[in-house]
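> Would you mind keeping the following structure in view while I ask a few things?
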Amino acid sequence: MSMVLFDVPGPKARVRHKILAVAGIAVALAAVAYVVMRFIATEQFTARRLDWINYKQIQLSLLEAIGNTLSAFAIGAVLALVFGALFAAARLSDHAWVRTPAAVIVEIFRAIPLVIMMFFFYYGLPSTGIKMSAFTAVVVSLMLYNGSVLAEIFRAGINSLPKGQSEAAYALGMRKTQVMTFVLLPQALRAMLPTIISQLVVLLKDTALGFLITFEELLRWGTLIGGDAVNFGRPMISVMIVVALIYIGMCLLLTWLATYLEKRNRRNKKVIKTDNDDAGQVQLGNASAAVGGVTV
Amino acid sequence: MSVLTNNLELFLRLFGQTLQLFAISAVLSLVLGTLLAALRVSPVPVFRAIGATYVTVLRNTPLTLVFVFFLFAYPLLEILRIEPYTAAVVALTLYTAAFVCEVVRSGINTVPVGQAEASRALGLTFTQMLGNVVLPQALRSVVPPMTSTMIALLKNTTVASGFAVPQAGSIRDALSEQGDNVLFGLIWVAIGFVVLVMPLTYVQQVFEKRWSVAR
Amino acid sequence: MRVRTLAAVLLTGALALTACGKEGGPGETPAPAGVFDVAKDVKVEGSPTFEKIKTRGSLIVGVKEDQPGLGYKDPTTNKYSGFDIDIARLVSAKLGFDPEKIQFKTIQSAAREQALINGDVDYYVGTYTINAGRKEKVAFAGPYFVAGQDLLVKKDDSSITGPETLKGKKVCSVTGSTPIKTIREKGYTEPENIQEFQGYSQCVTKLLNGEVDAVTTDDAILKGYASAEEGKLKVVGKTFSKEPYGIGLPKGDDALRGKVNDILQAALDGGDWQKIYDGTLGKSGSSAQKPTIDRY
């Protein structure tokens with residue numbers, strides 16, 4: 001679409017674009033140059049402030065911190081997917097006494113900030129005698145929150161499937177649970193895969209909130225090494241750049257996986273075209289709205 | 001219940017600050033996000049690249065990291081001294097703007113191609129077309145996901161808890177300092193957010209239903 | 001294909017990372033001579049903790065890791081150092097165990113009582129203020145140091161001379177800590193001038209940048225930061241509270257408490273205590289009063 005917004009540029013426009021491009025590059029470069037100059041002027045890149053990279057013990061602790069982030073992500077993701085599938089199925093149940101509580105729970109967990117949930121499990125619950133480690137508190141919060149969002153995504157995915165699918169399954173004599181687990185959920189999962197993965201990217205980023213409850217993840221590692229005055233004179237800038245690059249790298253890998261799966265999906269003949277395109281569009285819109293709520 | 005009634009003033013004050021933080025960052029991120037979206041669809045490739053880089057970097061960085069950067073790393077550069085509150089606004093704005101940009105951009109993509117072609121045939125310039133034809137039409141498909149983005153921003157203000165910016169997330173600190181029951185205090189904070197978010201979700205669903213039919 | 005390239009890149013990256021690690025830290029302070037001579041044939045009659053240590057053959061000591069000069073874990077070596085650490089080593093040596101074999105375990109403030117009750121650590125040395133509430137759960141030997149709330153300011157700042165000069169100044173401390181509560185309750189500065197972060201190190205960074213005017217907590221902790229920053233900061237030296245630091249022991253083990261008190265008394269009388277102080281906190285330039293052991 002964006003290419004339709006403007007004509008193929010004529011000679012005048014091309015000159016104008018070139019001038020604008022040069023100006024744009026100049027502004028961008030000036031901004032970058034200014035920041036780099038500040039880096040140098042405030043001695044952020046002196047040998048002492050970069051020296052931390054060289055130590056084996058620090059490299060090991062970095063790997064450990066990444067490991068903690070990734071294991072919180074992995075466990076949180078699996079639990080959230082299970083939670084999401086269960087609650088999506090519950091929200092589509094024929095019985096109001098299953099449907100309504102499931103809907104209420106999903107809506108509530110989607111409305112509560114993740115930070116508040118983590119505080120609740122880590123600082124609130126111990127007064128009742130239930131003690132959770134920071135890791136458990138992070139994982140449980142990630143499960144409840146992202147699980148609720150995933151439940152909405154699954155539900156939208158199932159709703160977008162043609163009615164004929166479940167009708168055919170019922171006609172074959174399958175029971176409700178069978179229809180759900182063997183026919184609807186797998187297809188919905190496939191259809192919603194890109195959305196699900198981008199939700200998982202969100203989950204990965206949200207592990208960094210564990211920082212606020214002293215979970216020893218990547219960001220916490222960064223503030224610890226970056227704040228070290230004794231050995232390295234507070235290399236906060238260089239450490240944070242590395243930490244940011246690692247996060248961006250991990251998220252891009254996941255996003256890349258999503259696009260790869262989407263492409264493979266499109267080639268795959270097993271995918272069913274949804275009932276009518278408009279309805280599918282609306283449902284997808286719904287789901288992406290649901291995701292939009294959290295992707296941020 | 002007594003946790004709430006005894007500290008009503010505290011709850012109201014801090015939720016008020018949450019709303020203030022939210023309002024300021026919301027306005028700023030809407031402006032910045034729309035500008036970025038304009039960059040991302042512009043005819044100049046360099047502008048598109050700048051917009052795309054910004055969005056990729058900010059969307060794949062945890063918000064907590066953006067906060068840490070502006071609170072603990074940025075001051076080391078000795079550029080312009082900012083208060084923690086300003087730093088929080090900047091972090092929330094820069095982060096949310098990336099998402100606003102994507103919402104606006106995908107909204108633009110929903111406007112039928114013929115609209116753009118027709119306006120070009122009429123001789124409208126890029127800016128005229130974007131401002132007078134495409135964006136007004138894109139608005140209807142933008143509003144529901146934008147509401148979601150804003151709900152997320154509202155909830156994200158609580159990240160400021162670890163960074164010396166008082167808002168609803170800091171209620172826990174205040175309660176535990178007074179020796180009050182943190183568990184129930186946090187339940188009330190959660191209820192507070194549910195109360196704030198629910199109407200927004202409702203509005204979003206209404207818009208979505210109405211406009212999905214119109215489309 | 002792309003997957004394989006990516007995997008290869010990651011693998012080489014990981015190899016490069018682990019292959020060139022420097023061992024050891026940039027600078028290490030040797031232990032003061034004579035302090036840690038291991039005593040022989042030590043007996044502590046009727047102490048269950050001591051029996052446990054003897055069968056194990058080494059000590060497990062709870063400490064802090066983020067307070068330079070007191071209890072600090074060097075990220076480059078994973079070695080602990082500081083006043084508290086040396087006190088822990090002294091006690092170990094005089095109990096007849098090689099201080100080199102101590103297993104240090106980082107325990108956060110909030111988890112200290114639980115760690116002693118559970119028997120996760122044999123004793124705890126980490127800015128542990130003796131007070132009546134804690135005495136109900138654990139036993140204290142010492143005090144081995146009497147700290148007091150003080151202020152850390154920039155070296156050239158002469159406007160802050162004590163708590164009553166804080167009006168209109170920005171004061172930083174750790175969220176939920178007693179010192180910041182005192183500042184707030186006594187109204188030493190305006191509520192909007194109080195900034196709270198998760199760690200003292202973050203406050204010190206803000207102080208160095210001139211974003212806050214003072215950092216407040218126990219003078220021992222502040223002295224540690226002052227000596228880590230080598231002449232950029234100073235401790236005001238006018239304490240306005242008394243925080244006697246004790247060695248936390250399992251409650252009921254009076255035999256061990258008596259023994260540790262004897263060890264501390266001997267160190268105070270003999271000069272070992274002074275040597276330890278001079279080698280750690282004393283580097284900040286300020287002297288300290290010797291504490292009086294309280295055998296309650």
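The values are calculated or read from the model by the stated rules, or taken from the named source; none is laboratory data. Nothing here was measured: the structure is a model prediction, and the numbers come from that model. Ideal geometry is used to build each Cβ from the backbone, glycine not excepted, and the neighbour counts take in all protein chains shown.
> Pairs under 7 Å by beta carbon, first residue aliphatic (A, V, I, L, M) in the stretch B:25-36, partner surrounded by fewer than 20 Cβ atoms within 10 Å (Cβ to Cβ), six or more apart or different chains?
B:LEU36/B:TYR54
> Could you tell me whether any residue of the stretch B:179-197 is acidic (Asp, Glu) and either in contact with a Leu (Cβ under 8 Å, 6 or more places away or on another chain) or part of a helix (DSSP H, G or I) (or both)? Let's see the steps before the verdict.
Let us first name the residues in the stretch B:179-197 that are acidic (Asp, Glu), namely B:180.
Okay, now just the ones that are also either in contact with a Leu (Cβ under 8 Å, 6 or more places away or on another chain) or part of a helix (DSSP H, G or I) (or both), so none.
Checking the stretch B:179-197: not a single residue is acidic (Asp, Glu) and either in contact with a Leu (Cβ under 8 Å, 6 or more places away or on another chain) or part of a helix (DSSP H, G or I) (or both).
> Only residues that are more than 8 Å from every other protein chain (Cβ to nearest Cβ) and of a type in the set (A, V, I, L, M, F, W, C): list them for the stretch A:199-231, please.
Hits for the stretch A:199-231 are A:LEU200, A:VAL202, A:LEU203, A:LEU204, A:ILE213, A:PHE215, A:LEU218, A:TRP221.
> Considering every residue within the stretch C:117-124, establish whether at least one is buried (at least 16 other Cβ atoms within 10 Å of the Cβ), touching a Ser or Thr at 6+ places or on another chain (Cβ under 6 Å) and more than 27 Å from C:SER227 (Cα to Cα). Break it down into steps so the answer makes sense when it comes.
Of the residues in the stretch C:117-124, the ones buried (at least 16 other Cβ atoms within 10 Å of the Cβ) are C:121-124.
The next check asks that each one be touching a Ser or Thr at 6+ places or on another chain (Cβ under 6 Å); those that pass are C:122.
Adding the requirement that they be more than 27 Å from C:SER227 (Cα to Cα) leaves C:122.
Scanning the stretch C:117-124 turns up at least one residue that is buried (at least 16 other Cβ atoms within 10 Å of the Cβ), touching a Ser or Thr at 6+ places or on another chain (Cβ under 6 Å) and more than 27 Å from C:SER227 (Cα to Cα).
> Here is a further query. Within the stretch C:44-85, work out how many residues are buried (at least 24 other Cβ atoms within 10 Å of the Cβ), in a loop (DSSP other than H, G, I, E, B) and not aliphatic (A, V, I, L, M).
Looking only at that region, the number is 5.
> Report, by residue number, each residue of the stretch A:38-63 that is in contact with a strand residue (DSSP E or B) (Cβ under 7 Å, 6 or more places away or on another chain) and hydroxyl-bearing (Ser, Thr, Tyr).
Filtering the stretch A:38-63 for residues in contact with a strand residue (DSSP E or B) (Cβ under 7 Å, 6 or more places away or on another chain) gives A:54-56.
Matches in the stretch A:38-63: A:TYR55 only.
> Sticking with this structure for a sec: Go through (1) modelled with pLDDT of 90 or more; (2) exposed (fewer than 14 other Cβ atoms within 10 Å of the Cβ); (3) within 14 Å of chain C (Cβ to nearest Cβ) and name the single condition A:ALA65 misses.
Exception for A:ALA65: condition (2).
> Here is a further query. What residue, of C:GLY71, C:GLY57, is over 18 Å from the mean Cα position of the chain (by Cα) and either away from chain A (no Cβ under 14 Å) or under 28 Å from C:GLU136 (Cβ atoms) (or both)?
After applying the criteria, what remains is C:GLY57.
Per-residue answers, yes or no, for (1) assigned to a helix (DSSP H, G or I); (2) closer than 26 Å to A:ILE213 by Cα; (3) under 26 Å from the mean Cα position of the chain (by Cα):
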position: A:PHE119; (1), (2), (3): yes, yes, yes
position: A:ALA137; (1), (2), (3): yes, yes, yes
position: A:LEU142; (1), (2), (3): yes, yes, yes
position: A:ILE153; (1), (2), (3): yes, no, yes
position: A:ASN159; (1), (2), (3): yes, no, yes
position: A:TYR170; (1), (2), (3): yes, no, no
position: A:VAL179; (1), (2), (3): yes, no, no
position: A:VAL183; (1), (2), (3): yes, no, no
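> Taking the conditions exactly as written (within 13 Å of another protein chain (Cβ to nearest Cβ), surrounded by fewer than 19 Cβ atoms within 10 Å (Cβ to Cβ) and assigned to a helix (DSSP H, G or I)), does B:ALA49 satisfy them or not? Full working, then the answer.
On the way: within 13 Å of another protein chain (Cβ to nearest Cβ): yes; surrounded by fewer than 19 Cβ atoms within 10 Å (Cβ to Cβ): yes; assigned to a helix (DSSP H, G or I): yes.
Considered against the rule, which asks whether it is within 13 Å of another protein chain (Cβ to nearest Cβ), surrounded by fewer than 19 Cβ atoms within 10 Å (Cβ to Cβ) and assigned to a helix (DSSP H, G or I), B:ALA49 comes out as yes.
> Restricting attention to the stretch C:182-209, which residues are in contact (Cβ under 8 Å) with a residue 12 or more places away in the chain, more than 13 Å from chain A (Cβ to nearest Cβ) and surrounded by fewer than 21 Cβ atoms within 10 Å (Cβ to Cβ)?
Once the filter is applied, which keeps residues that are in contact (Cβ under 8 Å) with a residue 12 or more places away in the chain, more than 13 Å from chain A (Cβ to nearest Cβ) and surrounded by fewer than 21 Cβ atoms within 10 Å (Cβ to Cβ), the stretch C:182-209 yields C:THR182, C:LYS186, C:GLU190, C:ASN193, C:ILE194.
> In addition: Listed residues B:ALA116, B:ALA138, B:ALA174; which is more than 22 Å from B:SER42 (Cα to Cα) and assigned to a helix (DSSP H, G or I)?
Just one listed residue meets the conditions, B:ALA174.
> Suppose we filter the stretch B:57-95 for residues that are touching a Ser or Thr at 6+ places or on another chain (Cβ under 9 Å) and of a type in the set (Ser, Thr, Tyr); how many remain?
Number satisfying all stated conditions: 2.
> Among the residues of the stretch C:220-237, write down those that are touching a residue at least 24 places away in the same chain (Cβ under 8 Å) and either of a type in the set (Val, Ile, Thr) or part of a loop (DSSP other than H, G, I, E, B) (or both).
C:ILE221, C:GLU229, C:GLY231, C:LYS232, C:VAL235, C:VAL236, C:GLY237
> Across the stretch C:135-145, what is the number of residues that are at pLDDT below 90 and either surrounded by 18 or more Cβ atoms within 10 Å (Cβ to Cβ) or on the phi > 0 side of the Ramachandran plot (or both)?
2
> Across the stretch A:145-185, what is the total count of residues that are aliphatic (A, V, I, L, M) and either within 18 Å of A:THR195 (Cβ to Cβ) or crowded, with 24+ Cβ neighbours inside 10 Å (or both)? Don't jump to the end; show me each part of the working.
Step one: filter the stretch A:145-185 for residues aliphatic (A, V, I, L, M), giving A:149-151, A:153, A:156, A:158, A:161, A:168-169, A:171-172, A:174, A:179-180, A:183-185.
Checking which are either within 18 Å of A:THR195 (Cβ to Cβ) or crowded, with 24+ Cβ neighbours inside 10 Å (or both) leaves us with A:149-151, A:153, A:156, A:158, A:161, A:184-185.
Adding up the residues that qualify gives 9.
> Report yes if A:ILE75 is in the same structural domain as A:ARG175 (by TED's automatic domain parsing) and within 30 Å of A:VAL242 (Cβ to Cβ), otherwise no.
Yes; evaluated as a whole, the condition is true for this residue.
> What are the pairs with Cβ atoms under 6 angstrom where one residue, in the stretch B:86-113, is more than 18 Å from B:SER148 (Cβ to Cβ) and away from chain A (no Cβ under 12 Å) and the other, located anywhere, is of a type in the set (A, V, I, L, M) and assigned to a helix (DSSP H, G or I)? Sequence gap at least six, or different chains.
So the pair list comes out as B:ALA87/B:LEU71; B:ALA88/B:ALA160; B:VAL89/B:ILE24; B:ALA91/B:VAL66.
> Also, quick follow-up: Limited to the stretch A:239-270, what total is found for residues that are of a type in the set (Gly, Ala, Ser) and surrounded by 21 or more Cβ atoms within 10 Å (Cβ to Cβ)?
Within the stretch A:239-270, residues that are of a type in the set (Gly, Ala, Ser) and surrounded by 21 or more Cβ atoms within 10 Å (Cβ to Cβ) number 1.
> A:ALA134 passes all but one of (1) buried (at least 24 other Cβ atoms within 10 Å of the Cβ); (2) among the small types (Gly, Ala, Ser); (3) within 14 Å of chain B (Cβ to nearest Cβ); which number fails?
(1)
> Scan B:ARG13, B:ARG81 and give me the residue that is closer than 30 Å to A:GLY233 by Cα and out of contact with any helix residue (DSSP H, G or I) (no Cβ under 6 Å at 6 or more places or on another chain).
On the way: B:ARG13 fails: closer than 30 Å to A:GLY233 by Cα.
It is B:ARG81.
> Can I ask one more? Within the stretch C:163-181, work out how many residues are within 11 Å of chain B (Cβ to nearest Cβ), touching a helix residue (DSSP H, G or I) at 6+ places or on another chain (Cβ under 9 Å) and not aliphatic (A, V, I, L, M). Don't jump to the end; show me each part of the working.
From the stretch C:163-181, those within 11 Å of chain B (Cβ to nearest Cβ) are C:170, C:172-178, C:180-181; that's our starting set.
Then keep just the ones that are touching a helix residue (DSSP H, G or I) at 6+ places or on another chain (Cβ under 9 Å); that gives C:170, C:172-177, C:180-181.
Pick out the ones that are also not aliphatic (A, V, I, L, M) and you get C:170, C:172-173, C:175-177, C:181.
Within the stretch C:163-181, residues that are within 11 Å of chain B (Cβ to nearest Cβ), touching a helix residue (DSSP H, G or I) at 6+ places or on another chain (Cβ under 9 Å) and not aliphatic (A, V, I, L, M) number 7.
> Quick one: is A:LEU50 within 30 Å of A:ARG175 (Cα to Cα), touching a residue at least 24 places away in the same chain (Cβ under 8 Å) and more than 11 Å from every other protein chain (Cβ to nearest Cβ)?
No; evaluated as a whole, the condition is false for this residue.
> If I filter the stretch B:114-129 down to residues being aliphatic (A, V, I, L, M) and more than 7 Å from chain A (Cβ to nearest Cβ), which single residue comes out as surrounded by the most Cβ atoms within 10 Å (Cβ to Cβ)? Break it down into steps so the answer makes sense when it comes.
At the first step, the residues of the stretch B:114-129 found to be aliphatic (A, V, I, L, M) are B:116, B:118, B:121-122, B:124, B:129.
Among the residues that remain, those that are also more than 7 Å from chain A (Cβ to nearest Cβ) are: B:118, B:121-122, B:124.
On the way: B:ALA118: 13, B:ALA121: 10, B:LEU122: 10, B:LEU124: 17.
Among residues in the stretch B:114-129 that are aliphatic (A, V, I, L, M) and more than 7 Å from chain A (Cβ to nearest Cβ), the one surrounded by the most Cβ atoms within 10 Å (Cβ to Cβ) is B:LEU124.
> Considering only residues that are within 7 Å of chain A (Cβ to nearest Cβ) and of a type in the set (Val, Ile, Thr), look in the stretch B:143-200 and name the one that is surrounded by the most Cβ atoms within 10 Å (Cβ to Cβ).
Result: B:VAL189.
> Show the residue pairs meeting these rules: Cβ distance below 7 Å; 6+ apart or different chains; first residue within the stretch C:54-78 and closer than 24 Å to C:LEU222 by Cβ; second residue assigned to a loop (DSSP other than H, G, I, E, B) and among the aromatic types (Phe, Trp, Tyr).
Correct list of pairs: empty, since none qualify.
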